[in-house]
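Colleague: Handing you this structure, nothing more for now.
Values quoted throughout were computed directly from the atomic coordinates according to the rules given, and no laboratory measurement underlies them. Computed from a predicted model, the values in this text were never measured in an experiment. Virtual Cβ from ideal backbone geometry, glycine too; neighbours counted across all protein chains shown.
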Amino acid sequence: MSTGQKYKARFNTSLPNGDSLSLTVWPGKTDPTAEVIAVQISRRTGDSWETVGRIAVYHTTDGKYKLLPERQVTSTQLKAEALEIGASGERYE
């Protein structure tokens, strides 16, 4: 979501194992009357929270729902993956 964008609704609860379950409703980027509904589970690791599961659905004003593609959920995963640049096949780690 872009910087400064405000969610429409947010709900959060603690699970019995200490994880956090949250549901957030965001306005659509191109159609502010549409909504993005995101549900995620986060786990406390040291001094911060790590997202361990996430699903997001796009809801249009005409009542249609579409599952959004998965995205990277932790910075640790981003660092662990090799970055492939262009068609040359060069890999950077």
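Colleague: Per residue of segment 10-23, in order, report the coupling 6.51 cos²θ - 1.76 cosθ + 1.60 (Karplus, θ = phi - 60°) as ³J(HN,Hα) in whole Hz, putting x for Gly and Pro.
Modeller: Karplus values, whole Hz, x for Gly and Pro: 8, 10, 8, 8, 8, 8, x, 8, x, 5, 10, 10, 10, 10.
Colleague: For segment 1-59, which trypsin sites (Lys or Arg not before Pro) are both in a DSSP coil and crowded by at most 11 other Cβ atoms within 10 Å?
Modeller: Working: sites: 6, 8, 10, 29, 43, 44, 54; in loops: 6, 8, 29.
Answer by residue number: 6.
Colleague: At a 10 Å Cβ-Cβ cut-off, how would you order 19, 31, 47, fewest neighbours first?
Modeller: Fewest-to-most Cβ neighbours within 10 Å comes out as 47, 31, 19.
Colleague: For a footprinting-style exposure proxy, rank 26, 49 by other Cβ within 10 Å, fewest first. Each step should come with its number before you reach the end.
Modeller: Values: 26 21, 49 14.
Least crowded to most crowded, the residues run 49, 26.
Colleague: Here's something else I'd like to know. How many nm separate the modelled label positions at residue 14 and residue 54, each set 7 Å beyond the Cα in the direction of the Cβ?
Modeller: Roughly 2.4 nm, to one decimal.
Colleague: Another one. What ranking of 41, 55 emerges when the number of other C-beta atoms within 10 Å of each C-beta is taken as an exposure proxy, fewest first?
Modeller: Lowest to highest Cβ neighbour count: 55, 41.
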